[in-house]
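To start, the structure itself, in C-alpha coordinates.
The values are calculated or read from the model by the stated rules, or taken from the named source; none is laboratory data. Keep in mind the model is a prediction, meaning the values are calculated, not measured. Here the Cβ positions follow ideal geometry from the backbone for every residue, glycine too, while neighbour counts run over all protein chains shown. For accessibility, only protein heavy atoms count, side chains too; no ligands or nucleic acids. Shrake-Rupley method; radii C 1.70, N 1.55, O 1.52, S 1.80 Å.
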Amino acid sequence: MTLDKLEIGNKATIKSINCDSALKNRFYSFGIIRNSIISVEELTLTKSTIEIKINSTKVALRLKEASTIEVEKCS
(Lines give C-alpha, C1' and ligand atoms only; values in the text may rest on other atoms or scores of the structure.)
Protein backbone atom coordinates (compact mmCIF):
# COMPACT_ATOMS: atom_id res chain seq x y z
CA MET A 1 0.00 0.00 0.00
CA THR A 2 1.20 3.53 -0.66
CA LEU A 3 0.89 6.47 1.71
CA ASP A 4 -1.67 8.26 -0.46
CA LYS A 5 -4.09 5.33 0.09
CA LEU A 6 -3.89 5.49 3.90
CA GLU A 7 -7.00 6.91 5.59
CA ILE A 8 -7.08 9.83 8.03
CA GLY A 9 -6.21 8.75 11.57
CA ASN A 10 -4.44 5.55 10.53
CA LYS A 11 -0.82 4.80 11.37
CA ALA A 12 1.68 2.95 9.20
CA THR A 13 5.33 1.95 9.02
CA ILE A 14 7.37 3.14 6.05
CA LYS A 15 8.68 0.13 4.11
CA SER A 16 10.35 1.81 1.13
CA ILE A 17 10.68 5.12 -0.70
CA ASN A 18 10.66 4.85 -4.50
CA CYS A 19 11.60 8.22 -5.99
CA ASP A 20 14.55 10.19 -7.33
CA SER A 21 17.40 11.12 -5.01
CA ALA A 22 16.44 14.82 -4.77
CA LEU A 23 12.98 14.01 -3.41
CA LYS A 24 14.36 11.23 -1.23
CA ASN A 25 16.82 13.70 0.34
CA ARG A 26 13.95 16.11 1.01
CA PHE A 27 12.01 13.31 2.71
CA TYR A 28 15.06 12.41 4.80
CA SER A 29 15.37 16.02 5.99
CA PHE A 30 11.83 15.75 7.41
CA GLY A 31 12.58 12.41 9.09
CA ILE A 32 10.63 10.39 6.52
CA ILE A 33 12.84 7.32 6.51
CA ARG A 34 12.39 3.56 6.32
CA ASN A 35 10.84 1.88 9.41
CA SER A 36 9.49 5.19 10.77
CA ILE A 37 5.90 5.25 12.01
CA ILE A 38 3.70 7.92 10.45
CA SER A 39 0.05 8.89 10.74
CA VAL A 40 -2.26 10.71 8.36
CA GLU A 41 -3.64 13.88 9.97
CA GLU A 42 -5.55 15.72 7.22
CA LEU A 43 -6.41 15.70 3.54
CA THR A 44 -7.17 18.94 1.68
CA LEU A 45 -10.63 19.49 0.22
CA THR A 46 -9.24 19.24 -3.30
CA LYS A 47 -7.51 15.97 -2.32
CA SER A 48 -4.21 17.24 -3.70
CA THR A 49 -2.25 17.45 -0.44
CA ILE A 50 -1.93 15.13 2.55
CA GLU A 51 -0.73 16.16 6.01
CA ILE A 52 1.23 13.52 7.89
CA LYS A 53 2.72 13.39 11.35
CA ILE A 54 6.11 11.77 11.87
CA ASN A 55 7.53 11.86 15.39
CA SER A 56 6.38 15.31 16.57
CA THR A 57 6.61 16.95 13.14
CA LYS A 58 3.73 17.60 10.76
CA VAL A 59 4.56 17.64 7.05
CA ALA A 60 2.37 18.38 4.03
CA LEU A 61 3.03 16.32 0.90
CA ARG A 62 1.51 16.32 -2.55
CA LEU A 63 -0.43 13.12 -3.19
CA LYS A 64 1.92 12.39 -6.11
CA GLU A 65 4.86 12.48 -3.67
CA ALA A 66 2.98 10.39 -1.11
CA SER A 67 2.34 7.74 -3.77
CA THR A 68 6.12 7.03 -3.89
CA ILE A 69 6.18 5.94 -0.22
CA GLU A 70 5.32 2.28 0.41
CA VAL A 71 3.80 1.69 3.86
CA GLU A 72 2.41 -1.15 5.94
CA LYS A 73 -0.60 -0.30 8.09
CA CYS A 74 -0.07 -0.75 11.84
CA SER A 75 -2.56 -3.00 13.56
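Below, the figures for the structure above:
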| item | result |
| --- | --- |
| Region 7-75: radius of gyration over Cα atoms, expressed as a fraction of 2.2 N^0.38 Å | 1.01 |
| Accessible area per residue, Å², the chain with all protein chains present, probe 1.4 Å | 63 Å² |
| For the chain, built as a Gaussian network whose Cα springs stay under 10 Å, the top-fluctuating residue of Leu45, Leu63, Leu23 | Leu45 |
| Cut-off 11 Å between beta-carbons: net charge of the residues surrounding Lys15, Lys and Arg +1, Asp and Glu -1 | 0 |
| Amide H contacts of Thr49 (H built 1.01 Å from N, under 5 Å, at least 5 apart or other chain) | Thr44, Leu63 |
| Length gained when the stretch Lys64-Asn10 is fully extended (0.36 nm per residue, less Cα-Cα span) | 17.5 nm |
| Neighbourhood charge, 14 Å Cβ-Cβ cut-off, centred on Lys64 and excluding it, Lys, Arg +1 and Asp, Glu -1 | +1 |
| Within the accessible area of the chain (1.4 Å probe), percent carbon and sulfur | 49 percent |
| Charge dipole (debye, nearest 20) of the chain; +1 at Cβ of Lys and Arg, -1 at Cβ of Asp and Glu | 100 debye |
